[in-house]
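S.K.: Take a look at this one; I'll ask things after.
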Amino acid sequence: MLIFMITGKFKKGVVALLLLISGVTASAGDFFFGLNAEGGNFWGNIPGIPVYFINNFLGGSALTTTYDWLRVSDSQGKIKVDQGNYFGFKAKDLFRQFGYGITFGYQPRYSVIGVYVTGNYHFKQFKMQPNRSIDAMEKYRLPGWSAGIGIRLTPFQSMLEEKDWSPIVEVGSTYRQWFSVKAPYGNDANQFGKGMTTRLSAGVRVAYKDGATGSITLGFDLPHYNFFNRDFEAPDGTHPYADIKSKNYGVSLSFKTEF
């Protein structure tokens, strides 16, 4: 009961803010809301199955499947990173990366522009050889959080009115930070970078006969910071990531249904 009370207050607060910004009259069908679930395995978003049923109960949906990869190199070239088998069916592959969160947005049925906000918990694990002189792979386990905001553009709203579908473009910006990590160099979260990532997405928005609308989009995540903190100082006084360039890119497939 407490969860639904908090969720209700959150929804009312965001609705009031969006209405203040938009200055237009809105109906319930102008909003989309859902618990997010993201996974990083070919066989589906298994960690997100409970979220699917909760979203059905709430009457909304916001499901995302993500494939991301670390690109790491130094002055000598590419550094070996083991992110598991994307097509694997073992627990370590199915749960190598997952996340949960909330998406809430506002876009009238035939409006050109809409907005959304997100908040998410993430978990990521991988192995890497941070020291070329030592032939050993170190384990990294990273929980983290992110918060973001974005806009949704339906440039051909007349097409949505006449044909019940239209191309859609989304541009969002997200801030991400890791915490309570298990990693080399004293499990210090400062060895990882934090900052903004831009998500550029394109897809299709559909108007259903019952008055609701939905969308499916394919997005690309472009980070604006190094995954490893190049200024990090280890307990022994060295800077293990000083010569390392690292980016965590991602591709995502997202489904949203307005309620």
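S.K.: Give me the number: length gained by fully extending Ile149 to Met137, i.e. 0.36 nm times residue separation minus the C-alpha to C-alpha distance, one decimal in nm.
M.R.: That pair, Ile149 and Met137, stretches by 0.7 nm at full extension.
S.K.: Tell me, what is the per residue accessible area of the stretch 65-113 in Å², probe radius 1.4 Å?
M.R.: Details: 2670 Å² over 49 residues.
For the stretch 65-113, the solvent-accessible area averages 54 Å² per residue.
S.K.: Right, next: Counting only heavy atoms of the protein chains, get the accessible area per residue of the stretch 167-244 (1.4 Å probe) and round it to a whole Å² value.
M.R.: Result: 49 Å² per residue.
S.K.: Can you give the FRET efficiency to the nearest 0.05 for Asn190 and Ser158, using r as the Cβ-Cβ distance and R₀ = 41 Å?
M.R.: 0.20
S.K.: Let me ask something additional. Between the stretch 93-115 and the stretch 214-259, how many Å separate their Cα centres?
M.R.: Here the answer is 18 Å between Cα centres.
S.K.: Skipping prolines and chain starts, which residues have an amide H placed within reach, meaning under 5 Å, of the one on Val112, given they are 5 or more residues away or on another chain?
M.R.: none
S.K.: Hey, rough spin-label estimate for Phe87 and Phe42, points 7 angstrom out along Cα→Cβ, what's it come to in nanometres?
M.R.: The modelled label-to-label distance comes out at 0.3 nm.
S.K.: Among Lys80/Lys124; Lys124/Lys256; Lys90/Lys256; Lys182/Lys247; Lys80/Lys182, which pairs are too far apart, with a Cα-Cα distance over 21 Å? Walk me through the numbers before you get to the answer.
M.R.: Numbers: Lys80/Lys124 17 Å; Lys124/Lys256 24 Å; Lys90/Lys256 29 Å; Lys182/Lys247 19 Å; Lys80/Lys182 19 Å.
Table pairs above 21 Å Cα-Cα are Lys124/Lys256; Lys90/Lys256.
S.K.: Express in Å², to the nearest 10, the accessible area of Val181 obtained by rolling a 1.4 Å probe over the protein heavy atoms while all chains stay in place.
M.R.: The accessible area comes out at roughly 10 Å².
S.K.: Oh, and also: Gain in length, Ile113 to His224, computed as 0.36 nm per residue apart minus the alpha-carbon separation, to one decimal in nm?
M.R.: Length gained, Ile113 through His224: 37.4 nm.
S.K.: Test of understanding: extend the Cα→C-beta vector of Ser180 to 7 Å, then name every residue of the stretch 86-108 with backbone N under 20 Å from that spot.
M.R.: 95-102
S.K.: What's the carbon and sulfur percent of the stretch 103-259's accessible surface, probe 1.4 angstrom, rounded to a whole number? If you can, show how the numbers build up before the last one.
M.R.: Working: 4360 of 7560 Å².
Exposed carbon and sulfur together represent 58 percent of the surface.
The values are calculated or read from the model by the stated rules, or taken from the named source; none is laboratory data. Because the structure is predicted, anything quoted here is derived from the model rather than measured. Cβ atoms come from the backbone with ideal geometry, glycine included; neighbour counts cover every protein chain shown. Please note that ligands, DNA and RNA were not included when accessible areas were found on the heavy atoms of the full protein model with its side chains. Shrake-Rupley method; radii C 1.70, N 1.55, O 1.52, S 1.80 Å.
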